[in-house]
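The structure appears below as C-alpha cells.
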Amino acid sequence: MNIRFDGKRALVTGAGRGIGRGIVKKLAECGAECVALSKTPENLESLKIEVPGIQTILVDLANWTATRHALENVGKIDLLVNNAGILIMSPFLETKKDDLDKVLDVNFKAVFNISQIVARGMVERGDGGAIVNVSSVASRIAVRNMASYCSSKGAMDSLTQVMANELGPHKIRVNSVHPHIVESTDMGHWAANSPEIGGHYLSRIPISRFPGEYINDL
C-alpha cells in the first residue's frame, strides 16, 4: 500500500531515537512536513542531517508549562504521534514517588497536554485530523518490576478512548497502537541484557525474535 501525506504537517514526540525517529523518517518519505520533538539536542541535530527540511523543537515534555510555550506557535498540525515514553524499573513495593511522577509526567501527562494543544487547533480549523498514541502491550499484560510503566500505558489507553469519543464528531480520529518489545528502544536493550526476562517474552513470539521496528505498521 502506497500511503502519501503530501501537504500534511505531522508532529512526532520522542523523535530523537528509536520508534519516534523512524516514524519521522517514514512520514517525511511519504511527503509529510514533519515537526520533531525531543529533549536531546544532539539527537535532533543528527535527525536534521538525515531528514533535511524538518522542523525540530527542543523541549522536555515532563515540563507541562515549557511544553505549552514551545508549541504555542507550532502552527497547523494534521497528524500527531504521541510516542515519547520512559521506563523506570523497580518492584512495586520499592517504587518511589519521584520515579512514579517521572514516568507519569512523560507517558501520560505529556500525551494529555500535547493532545489538548493540537486537538484545539484541529477543532478551531474544522478540518479534522488524526492522533496516534503509542502505547504498549504492557498496558494489557502485567509485567514484574514495571508497575509505573504498565499503569502509565493503561492510563494512556483510557485517555485514547475518551479522546476518540469526544473528538470524533470534529472529524478527528484517535487511536492507540501497542508495540511489543522493539530492539532499538530502552525496553529492547533491557530485554537483551536480561536473558531470563528477554527469554520469557521471546518464548511467546512464534518467530522467536524481537522486531527491529514497527514503523510501517504505525
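The values are calculated or read from the model by the stated rules, or taken from the named source; none is laboratory data. The model shown is predicted, which means the values in this text are computed figures rather than measured ones. With ideal geometry, Cβ positions are generated from the backbone for all residues, glycine too; neighbour counts draw on all protein chains shown.
A few notes on this one:
- Residue in segment 74-82 that is buried (at least 18 other Cβ atoms within 10 Å of the Cβ), β-branched (Val, Ile, Thr) and closer than 17 Å to GLY18 by Cα present: yes
Condition check ((1) of a type in the set (A, V, I, L, M, F, W, C); (2) under 22 Å from MET156 (Cα atoms); (3) touching a residue at least 24 places away in the same chain (Cβ under 8 Å)) across all residues:
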{"position": "ASN2", "(1), (2), (3)": "no, no, no"}
{"position": "GLY18", "(1), (2), (3)": "no, yes, yes"}
{"position": "VAL24", "(1), (2), (3)": "yes, yes, yes"}
{"position": "SER38", "(1), (2), (3)": "no, yes, yes"}
{"position": "ILE54", "(1), (2), (3)": "yes, no, yes"}
{"position": "ALA62", "(1), (2), (3)": "yes, yes, yes"}
{"position": "LYS76", "(1), (2), (3)": "no, no, yes"}
{"position": "LEU80", "(1), (2), (3)": "yes, yes, yes"}
{"position": "GLY85", "(1), (2), (3)": "no, yes, yes"}
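- Matching residues, segment 160-194, being more than 23 Å from LYS109 (Cβ to Cβ), assigned to a loop (DSSP other than H, G, I, E, B) and modelled with pLDDT of 60 or more: LYS171, HIS180, ILE181, SER194
- Of all residues in segment 137-159, those satisfying the criterion of being free of Cβ contacts under 8 Å to residues at least 24 places away in the same chain and not in a helix (DSSP H, G or I) are ILE141, ALA142, VAL143.
- Within segment 1-96, helices (runs of 4 or more DSSP H) holding 3 or more residues that are modelled with pLDDT of 95 or more and among the basic types (Lys, Arg): 18-29
- Out of ILE141, ILE88, ILE114, sole residue that is closer than 26 Å to ILE54 by Cα and touching a helix residue (DSSP H, G or I) at 6+ places or on another chain (Cβ under 9 Å): ILE114
- Considering segment 104-135, and only residues there that are in a helix (DSSP H, G or I) and of a type in the set (Val, Ile, Thr), the residue that is farthest from LEU87 (Cα to Cα) turns out to be VAL123.
- Extreme residue, surrounded by the most Cβ atoms within 10 Å (Cβ to Cβ), among residues of segment 83-127 that are aromatic (Phe, Trp, Tyr) and within 19 Å of TRP64 (Cα to Cα): PHE108
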